[in-house]
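Single-structure report; data block below.
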Amino acid sequence: MAKKTKSALEEKKGISISEITNSASIKSIKAKRKAEVDIDTLIASILNKDITALSRAITLIESKNPKHLEKANTIIKACLPYANNAIRIGITGVPGVGKSTFIEAFGKHLTTLGKRVAVLAIDPSSTITKGSILGDKTRMEDLVKDDNAFIRPSASGDSLGGVARKTRETIILCEAAGFDVIIIETVGVGQSETTVHSMVDFFLLLKLAGAGDELQGIKRGIIEMADAIAINKADGDNLKKAKLAKAEFSRALHLYPKKSSNWQPKVTLCSAIQNEGIDAIWDIILEYVEVTSKNNYFNTKRNEQNKFWLIQTIEEQLKSDFFNTPKIKKELKKQLRLIETNQTTPFAAADYLLKLKHTIT
């Protein structure tokens, strides 16, 4: 019976089992060779605007494997001289505000202007399973097909403010790959937005009208960080409410202290689904870049951001080194058991582990 099954398969497919086996072996060898691509080749491909190479490099820098760290640093260092030429835009807003729809409409508008657009979409990770849907590509069906657009969904993990780990380095790679505009979409689930604000030039806050999301329902800190507020879904029956919300936000923004950039944040209306008001938002961003470039705030802010990320990188590396030390891993488990049985306190356990690390180094 087994021979008949094999013979039928061979006859139907017109190939032999040995050929199938050889084909699988060839694919395995090719996959292995592909995995061991030369770093210099990868860098050259990125600078040559190769999207596949860019994706592979981003995967490397997002990896938590210590073996990938050196390769990632080599790639970033090589790409850095070709970076810093794009406009970096952070976009945030509560779930349901239409971030993905807006980003697709905004991205399509930019590509029609001849811009190359990279979207770094941050998906929230489950605090229970640690998993993430990463569905932004399915929500941006038109943009993902655009040759001048690149969409990279990443899981937020446990990063502050829902920003994916290594997003800062990903920006550098995208800029080196020739993208003119980098859009970073945050989770927008009420976490601190400080992190995304520290890596972009322009911070756009999307709002809704008539959804209990007006002034009383938002954090002052996020509004203070915003360079512009866009009231989305300003169409149909909601247009009147959107206009009232625009007036409220405009009045509120004038009550805040003057920004060091000398930029007065603007409020505008848009409808991503109707593709209305999108061009006005791009005009606002261009005006912001012009104003802040003239008074040198644009470059000053980027320099301050680089200093901030120096400290953040050191902190991250120290944390990684600490928890990946074999002896610390072993003693941490012991201290956790002692805490469970009330034989020590979290503070005493932490002090013990930190002192232990000093003796190891």
Going by a ≥ b ≥ c, the root eigenvalues of the Cα gyration tensor, does the stretch 268-357 fall in the rounded group (a/c under 1.5), the prolate group (a/b larger than b/c) or the oblate group? prolate
Order of PHE308, PHE150 from fewest to most other C-beta atoms within 10 Å? PHE308, PHE150
Burial-style ranking of 292-299, 225-232, average other-beta-carbon count within 10 Å with highest first, yields 225-232, 292-299
Put +1 on the Cβ of every Lys and Arg and -1 on every Asp and Glu Cβ in the stretch 307-360; which of THR345, THR359, LEU318 then has its Cα farthest towards the positive end of the dipole? THR359
Label-point separation, ASN296 to LYS243 (7 Å along Cα→Cβ), nm: 4.5
Kindly put ASP351, ASP180 in sequence by how many other C-beta atoms sit within 10 Å of each C-beta, fewest to most. ASP351, ASP180
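Read-outs: derived from the displayed coordinates by stated rules, not from any lab. Here the structure is a predicted model, which means the values were calculated and not measured. Heads up, the Cβs are rebuilt from the backbone with ideal geometry, glycines too, and the neighbour counts pull from every protein chain shown.
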